[in-house]
Each structure stands twice: as structure tokens, then as C-alpha cells.
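A.B. asks: After the C-alpha cells below, expect a handful of questions from me.
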Amino acid sequence: DKEDTNNTESEETPKTEESTDSSESVVTGEIEVTVSVSSDWGAGASAEFKLTNHTGANFENGWTIQLTSNREIAQLWQGEVKSLGNNTYQISNPNWDMTWENGETITIGGALGEGSGVPTIGNVTVVN
């Protein structure tokens with residue numbers, strides 16, 4: 001992003017935390033992902049990811065999904081996140097819970113990076 005260099009006496013308006021209760025669901029392939037944002041302050045946000053397994057398979061030894069998001073997934077508290085670049089992320093099970101049964105919904109809290117609102121999720125695939 002480029003800043004306006006013509007205005008040398010600009011004041012930065014402080015960002016205030018905005019409480020939101022919005023969510024977006026996407027089903028691509030056999031995984032349903034619902035993301036909700038509980039508070040958004042522009043430089044970041046608290047989010048909740050609900051992942052539902054519709055694959056017909058039970059994952060007993062861990063699982064990983066891959067997806068795209070137009071807003072950075074900065075951190076997850078009940079799972080692992082790895083950025084692959086180009087707005088692509090891998091989300092996997094926490095070390096203490098390796099299973100994900102068919103039909104089960106897993107809820108993972110986390111933090112989003114800079115942006116506004118609920119991220120748009122796409123291209124959801126099961127890696128393993």
C-alpha cells in the first residue's frame with residue numbers, strides 16, 4: 001500500500017475495536033468451513049473456524065486441509081496453521097487431538113491479520 005506523501009501534516013485516526021457477529025460458510029469438496037469474526041479492529045481480528053468433515057472417512061492419525069483466504073490467518077489456538085504463500089494456508093489438527101470423525105464439526109479459535117470483516121474462504125481440499 002502506498003501512503004499519500006502530499007499531506008505532510010496528516011493525523012492518523014485511531015482504530016477502534018468493532019464488535020461483529022458475522023459469519024460466512026463455504027462448502028468445497030467434502031469439507032465445510034464456517035468462519036465468524038467476533039471482534040475486528042482493522043489491524044487484526046478474533047475469529048472462529050468451524051470445520052465439518054463430510055468426506056465419508058474418519059481421520060484417526062491426524063488431518064490437514066488446505067484453503068485460500070483473502071485475509072491472513074495469523075494464529076490458531078486449537079490447531080496448527082501454516083502459510084504457503086499466495087493467500088493459501090494449511091490447517092491441521094492440534095497435537096493433542098489427532099481424530100476427526102465423518103460428520104464431526106471441529107471448532108478452532110484464532111486470530112486474523114490486517115483487513116476488514118469475515119474472510120472469503122475458497123479452494124478447500126483435504127491434504128491427508
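The values are calculated or read from the model by the stated rules, or taken from the named source; none is laboratory data. Please read all numbers here as calculations on a predicted model, not as lab measurements. Every residue, glycine among them, receives a Cβ derived from its backbone with ideal geometry; neighbour counts consider all protein chains shown. These area figures cover heavy atoms from the full protein model, side chains too; ligands, DNA and RNA do not enter into them. Shrake-Rupley method; radii C 1.70, N 1.55, O 1.52, S 1.80 Å.
A.B. asks: Output the residues belonging to segment 90-99 that are of a type in the set (Phe, Trp, Tyr) and surrounded by 15 or more Cβ atoms within 10 Å (Cβ to Cβ).
C.D. replies: None; the set is empty.
A.B. asks: Got a number for residues in segment 76-86 being part of a loop (DSSP other than H, G, I, E, B) and either of a type in the set (Gly, Ala, Ser) or open to solvent by 80 Å² or more (accessible area, probe 1.4 Å) (or both)?
C.D. replies: Of the residues in segment 76-86, 3 are part of a loop (DSSP other than H, G, I, E, B) and either of a type in the set (Gly, Ala, Ser) or open to solvent by 80 Å² or more (accessible area, probe 1.4 Å) (or both).
A.B. asks: I need a count of the residues in segment 49-75 that are part of a loop (DSSP other than H, G, I, E, B) and either out of contact with any strand residue (DSSP E or B) (no Cβ under 9 Å at 6 or more places or on another chain) or more than 14 Å from Pro119 (Cα to Cα) (or both).
C.D. replies: Residues flagged as part of a loop (DSSP other than H, G, I, E, B) and either out of contact with any strand residue (DSSP E or B) (no Cβ under 9 Å at 6 or more places or on another chain) or more than 14 Å from Pro119 (Cα to Cα) (or both) within segment 49-75 amount to 9.
A.B. asks: Is at least one residue of segment 17-29 farther than 17 Å from Gly122 by Cβ, modelled with pLDDT of 95 or more, open to solvent by 50 Å² or more (accessible area, probe 1.4 Å) and part of a strand (DSSP E or B)?
C.D. replies: No: segment 17-29 contains no residue that is farther than 17 Å from Gly122 by Cβ, modelled with pLDDT of 95 or more, open to solvent by 50 Å² or more (accessible area, probe 1.4 Å) and part of a strand (DSSP E or B).
A.B. asks: Then there's this: What number of residues within segment 30-48 are assigned to a loop (DSSP other than H, G, I, E, B) and either crowded, with 18+ Cβ neighbours inside 10 Å or acidic (Asp, Glu) (or both)?
C.D. replies: 2
A.B. asks: A further question follows. Mind listing just one residue for me: the one in segment 116-126 that is among the β-branched types (Val, Ile, Thr) and closer than 13 Å to Ile31 by Cα and, of those, surrounded by the fewest Cβ atoms within 10 Å (Cβ to Cβ)?
C.D. replies: Among those that are among the β-branched types (Val, Ile, Thr) and closer than 13 Å to Ile31 by Cα, it is Thr125.
Conditions (1) at pLDDT 95 or above; (2) exposed (fewer than 15 other Cβ atoms within 10 Å of the Cβ), marked per residue:
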residue	(1), (2)
Lys50	yes, no
Ile65	yes, no
Ala74	yes, no
Thr88	yes, yes
Glu101	yes, yes
Ile106	yes, no
Ala111	yes, no
Glu114	yes, yes
Asn128	no, yes
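A.B. asks: Assess whether Asn61 counts as being out of contact with any Pro (no Cβ under 8 Å at 6 or more places or on another chain), of a type outside the set (Phe, Trp, Tyr), in contact (Cβ under 8 Å) with a residue 24 or more places away in the chain and open to solvent by less than 10 Å² (accessible area, probe 1.4 Å).
C.D. replies: So Asn61 fails the test.
A.B. asks: Picking from Ser69, Ser38, which residue would you name as being under 19 Å from Ala111 (Cβ atoms), hydroxyl-bearing (Ser, Thr, Tyr) and modelled with pLDDT of 95 or more?
C.D. replies: Residue meeting the stated conditions: Ser69.
A.B. asks: Turning to a different aspect of this structure: Just need a number here: residues in segment 75-98 that are of a type in the set (D, E, K, R) and under 18 Å from Ser46 (Cα atoms).
C.D. replies: Counting residues in segment 75-98 that are of a type in the set (D, E, K, R) and under 18 Å from Ser46 (Cα atoms) gives 2.
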